[in-house]
Structure formats: structure tokens, C-alpha cells
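K.L.:
Mind looking over this structure? Questions follow.
The values are calculated or read from the model by the stated rules, or taken from the named source; none is laboratory data. All of these numbers come straight from a predicted model, not from anything done at the bench. Here Cβ is always computed from backbone atoms with ideal geometry, including for glycine, and neighbour counts include all displayed protein chains.
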Amino acid sequence: MLNPLARAFFGRSVHAVAPDLIGATLLFKGVGGLIVEVEAYHHTDPAAHSFRGPTRRNAVMFGPPGYAYVYRSYGIHWCLNFVCEPPGSASAVLVRAIKPTVGLAAMRRRRGVAEERLLCAGPGRLCEALGITGAHNGLALDAPPFELFARTDAAEITAGPRIGITKAVDEPWRYGLKGSRFLSKPFASPVRPGA
DNA sequence: TGCCCGATTAACT
DNA sequence: GTTAATCGGGCAA
């Protein structure tokens with residue numbers, strides 16, 4: 001059972017939780033950093049894995065909030081989601097990028113990359129750096145090996161269309177820390193008419 | 001069963 | 001700019 005604070009935090013709309021996760025600290029077995037990019041997936045969203053109903057893969061999404069949904073992407077990579085909203089809502093937030101702060105050496109070893117900016121800039125890269133796999137699907141987020149700490153300082157949050165999807169492509173449900181160099185891709189700058 | 005596609009990434013040209 | 005790697009889901013047959 002999740003602690004009441006975590007349940008209250010994740011039990012809200014994905015569109016409330018997602019921006020609140022920007023600037024939060026995520027650690028897995030003591031390795032991780034600051035969340036700088038996430039995407040919201042609601043069960044009514046054609047791009048969501050839960051849109052067509054429960055399967056063995058997405059079962060965790062249909063459970064209570066505050067748990068990790070880890071799935072294999074393109075048969076190769078692992079991607080980490082946080083289940084949100086009341087139980088059965090089947091909505092989740094995809095963690096797309098973090099700024100590495102703790103355990104840099106372990107991340108570099110797992111990734112085989114030295115450049116700090118590329119350690120966790122992308123959902124697949126992030127899971128590889130932290131050592132998260134399908135074996136961790138369904139784990140509670142308020143207990144080891146996970147550690148989550150809410151944002152303490154004010155953060156300037158920006159939003160835009162999600163990446164790598166083909167359905168509901170115009171919905172601005174990607175949230176990020178404005179100007180961070182650890183994003184998987186930059187957010188489009190506002191276009192001024194006549195510029 | 002067979003076929004196509006995907007919430008990706010790295011290594012090509 | 002393009003493409004391969006690789007596997008589960010969804011749908012047609």
C-alpha cells in the first residue's frame with residue numbers, strides 16, 4: 001500500500017501531475033537526478049497504451065496510482081511511466097528525461113557514454129542509465145528501489161506536442177523544464193508573426 | 001497464424 | 001537525411 005502523500009500526489013489528473021513532476025528528484029537504487037521532461041497519457045487518448053483496454057503488458061496502468069509501468073519500446077528499449085489518477089483510470093505519465101545528479105559513474109558505465117547531456121536524455125536512455133527494466137514493472141514509487149522527492153524550488157515549465165507518436169500529435173501534453181540542456185529534444189520556441 | 005506498426009536509439013550516408 | 005535492431009499488440013484471415 002502506498003503512503004497517503006504519494007497516493008494524493010499521483011491520484012490526480014495526469015495533466016496536473018505531469019507538470020508537478022518537472023524539477024522533482026527521481027532516484028533508482030540511489031542513482032538518478034532531476035526530472036526535466038515528461039509526457040501525459042490519458043486513457044481516452046488514442047496514443048495511450050491503455051486506449052484499447054487492458055492487456056498483459058499494460059495491466060499496471062489499470063491498477064492504483066503511484067506505481068511504475070515499464071514497457072519495452074520497439075522491442076529494444078525500456079520506458080518508465082508513473083500511473084496516475086484514481087484506480088482503473090489507466091492514465092500515466094511517461095518520464096522522458098532527467099538531469100543526472102547522483103551516480104554519474106554508474107550511469108556512464110551502463111550507457112557506455114561519457115557525455116553527461118546524453119546519459120538520460122530520452123526515455124530509453126534514462127532507463128538504461130538507471131538500470132530500470134521490465135523486471136521493475138509494477139513496483140511502488142514510494143518505496144525502494146525508487147525514491148521520489150518533490151520539487152523544492154520554483155521551476156519555469158514549458159509545454160508542447162509529444163514526441164514519436166502518430167495519433168493525437170497536436171495535443172500539447174509534453175512538459176519540460178524551460179531551457180534545460182538535458183531534454184531529449186528542445187521545445188519549439190514561440191513563433192512571432194512577421195519575424 | 002501472419003503481417004504491420006510502434007510513447008526509440010545509434011549508426012549510417 | 002535514412003535505416004536497422006527486435007518484439008508485443010492489434011487486426012485480418
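K.L.:
So, in the stretch A:56-77, how many residues would count as being more than 11 Å from DNA strand C (Cβ to nearest atom), closer than 19 Å to A:Ala121 by Cα and touching a Pro at 6+ places or on another chain (Cβ under 8 Å)?
P.N.:
Matching residues across the stretch A:56-77 total 0.
K.L.:
Continuing with this model, one more query. Mind listing just one residue for me: the one in the stretch A:78-94 that is near DNA strand B (Cβ under 7 Å from one of its atoms) and not aliphatic (A, V, I, L, M) and, of those, nearest to A:Gly122 (Cα to Cα)?
P.N.:
So, considering only residues that are near DNA strand B (Cβ under 7 Å from one of its atoms) and not aliphatic (A, V, I, L, M), the one nearest to A:Gly122 (Cα to Cα) is A:Cys79.
K.L.:
Considering each residue of the stretch A:164-184, count those that are at pLDDT 95 or above and within 15 Å of the chain's Cα centre (by Cα), and give that number.
P.N.:
Here the count works out to 8.
K.L.:
Specify the residue that is nearest to A:Gly134 (Cα to Cα); the eligible residues are those in the stretch A:50-77 that are touching a Ser or Thr at 6+ places or on another chain (Cβ under 8 Å) and within 10 Å of DNA strand B (Cβ to nearest atom).
P.N.:
The residue in question is A:Val70.
K.L.:
Within the stretch A:134-146, can you find the residues that are more than 14 Å from DNA strand B (Cβ to nearest atom) and either within 14 Å of the chain's Cα centre (by Cα) or part of a loop (DSSP other than H, G, I, E, B) (or both)?
P.N.:
If the condition is that a residue be more than 14 Å from DNA strand B (Cβ to nearest atom) and either within 14 Å of the chain's Cα centre (by Cα) or part of a loop (DSSP other than H, G, I, E, B) (or both), then A:Gly138, A:Leu139, A:Leu141, A:Asp142, A:Ala143, A:Pro144, A:Pro145, A:Phe146 are the ones that fit.
K.L.:
Follow-up. Restricting attention to the stretch A:12-31, which residues are under 17 Å from A:Gly63 (Cα atoms) and surrounded by fewer than 18 Cβ atoms within 10 Å (Cβ to Cβ)?
P.N.:
Passing the criteria: A:Arg12, A:Ser13.
K.L.:
Tell me the strands (runs of 3 or more DSSP E) entirely within the stretch A:32-130 that contain at least 1 residues that are of a type in the set (D, E, K, R) and surrounded by 16 or more Cβ atoms within 10 Å (Cβ to Cβ).
P.N.:
On the way: elements: A:68-73, A:77-84, A:91-102.
Because the criterion is at least 1 residues that are of a type in the set (D, E, K, R) and surrounded by 16 or more Cβ atoms within 10 Å (Cβ to Cβ), the strands (runs of 3 or more DSSP E) in the stretch A:32-130 that meet it are A:91-102.
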